[in-house]
Amino acid sequence: MFTPRYARITERLSADGSDVWAVHDRALEMQRNGDDVILLSVGDPDFRTPEPIIDNAVSHLRVGRTHYSPSLGEIKLRRAVADLETRTSPYPCNADEVAIFPGATSAIYATLSCLLDPGDEIVVPEPMYVGYVPIFQGLDLKVRTVPLEVQNGFSLDVSAVKATISDKTRVLFINTPGNPTGAIIPAADIRELANYCRERNIWLVCDEVYSMFCYEGKHVSARASAESLENIVMIDGLSKSHAMSGWRIGWVVAPPTLILRLGSYAGATLFGSPQFIQDASAFALENDQQYVREMRDEYRKRRDYVLDKLGKVKNIRCSRPHAGMFVMCDVSATGLDGKAFAEQLLTEQAVSVIPGDAFGPSAANFVRLGLAQNHSVLKRACKRIRVFCAAI
């Protein structure tokens, strides 16, 4: 009789993470059963991809751009990303410093696969994006976390990061603007960390997928902040900024020696992204100022509305995000932690939010509210949350 055996990575990737999405999954089930559920638990933009981008993709489909593409990506898109980085940092960027991947998650997985071996140590601030956890588990990394300063708008304490880094640390992984916090790491702090990591022979990897959605303050990339680019790796993409989550386009900007290794990795695992999607993505980066600005302005209005309405609810306190598409709310004054609050809010008022402990223990008393709903939906959601808190 055949007895199937599987690689250990499959066990790590399937490690129980059901609590992370339990509320969201139950909300979807309620919605399928006909309940009037308001979903504030996901970060998928509710905007349509701008029509000019769609038209560009269709035009390239019609002329036959449907074949294999280079493992590192189409040169036109790589140049478009390089031009973006050249405009936004003091250092010129060339296409040989850019690798294209089907989404930022794929880019992160590939990058860490090329930088770390199983058992290697990575340092990451938390609360952190829930999608990092399965990547770290899949690669069998030793993770050391640094709590952000919750009472100070989830700011990063550079001294605490340095104290967490050990002689075994190979990568410092940061996220700015942050998910779920919306916090922006100042350029001076990134520069200090970049120098410290370079002195310790450590890579600084920075996830910057919300770089185009800053409301107060300005996003300054790791590339623009660092004094040297030897150990700097940046990851970004179009999912959020251009409402292109389903198009799956992300990229890595890094030293050419790492890019070559990423090309070998992509060639063995992904074999490139579709040509017509890369063509449309290059067009998006070259013609994006108006619609990115319009979406950013709308998210800002939504953020301000939610903060105003929930700011009048006595037993919750919302942190003001400076970027991104989420609001973190401290619900400890209700007598509930984030998990209990989210579960009861869904049961009693049919509003789904993500419990804060999904992002790390320092956020256990928080819930994350998404802004990927229009004004009328957010208005109904805030009313339901207010009624729920009043009942508590």
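The values are calculated or read from the model by the stated rules, or taken from the named source; none is laboratory data. The structure presented is a predicted model; accordingly, all values stated were derived computationally and were not measured. All Cβ positions, even for glycine, are placed from backbone atoms using ideal geometry, and neighbour counts span all protein chains on display. Remember, those area values only see protein heavy atoms, side chains included, never the ligands or the DNA or RNA. Shrake-Rupley method; radii C 1.70, N 1.55, O 1.52, S 1.80 Å.
Here is how the numbers come out for the structure above:
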read-out	value
Residue within region 201-213 that is open to solvent by 40 Å² or more (accessible area, probe 1.4 Å), in a loop (DSSP other than H, G, I, E, B) and not polar (S, T, N, Q) present	no
Residue 385 closer than 21 Å to residue 145 by Cβ, open to solvent by less than 10 Å² (accessible area, probe 1.4 Å), in contact (Cβ under 8 Å) with a residue 60 or more places away in the chain and of a type in the set (Val, Ile, Thr)	no
Any hit, region 323-334, residues being without any contact (Cβ under 8 Å) to a residue 60 or more places away in the chain and either open to solvent by less than 10 Å² (accessible area, probe 1.4 Å) or among the aromatic types (Phe, Trp, Tyr) (or both)	yes
Selection status of residue 13, open to solvent by 30 Å² or more (accessible area, probe 1.4 Å) and within 21 Å of residue 135 (Cα to Cα)	yes
Helices (runs of 4 or more DSSP H) wholly inside region 19-126 containing at least 1 residues that are among the β-branched types (Val, Ile, Thr) and modelled with pLDDT under 95	75-88
Some residue of region 251-270 being open to solvent by less than 10 Å² (accessible area, probe 1.4 Å), part of a loop (DSSP other than H, G, I, E, B) and in contact (Cβ under 8 Å) with a residue 40 or more places away in the chain	yes
Given (1) surrounded by fewer than 21 Cβ atoms within 10 Å (Cβ to Cβ); (2) in contact with a Pro (Cβ under 6 Å, 6 or more places away or on another chain); (3) at pLDDT below 95, index of the condition residue 216 fails	(2)
Test result for residue 38, under 23 Å from the mean Cα position of the chain (by Cα), open to solvent by less than 20 Å² (accessible area, probe 1.4 Å), farther than 21 Å from residue 238 by Cα and touching a residue at least 40 places away in the same chain (Cβ under 8 Å)	yes
Verdict on residue 89 being surrounded by 18 or more Cβ atoms within 10 Å (Cβ to Cβ) and within 18 Å of residue 193 (Cβ to Cβ)	yes
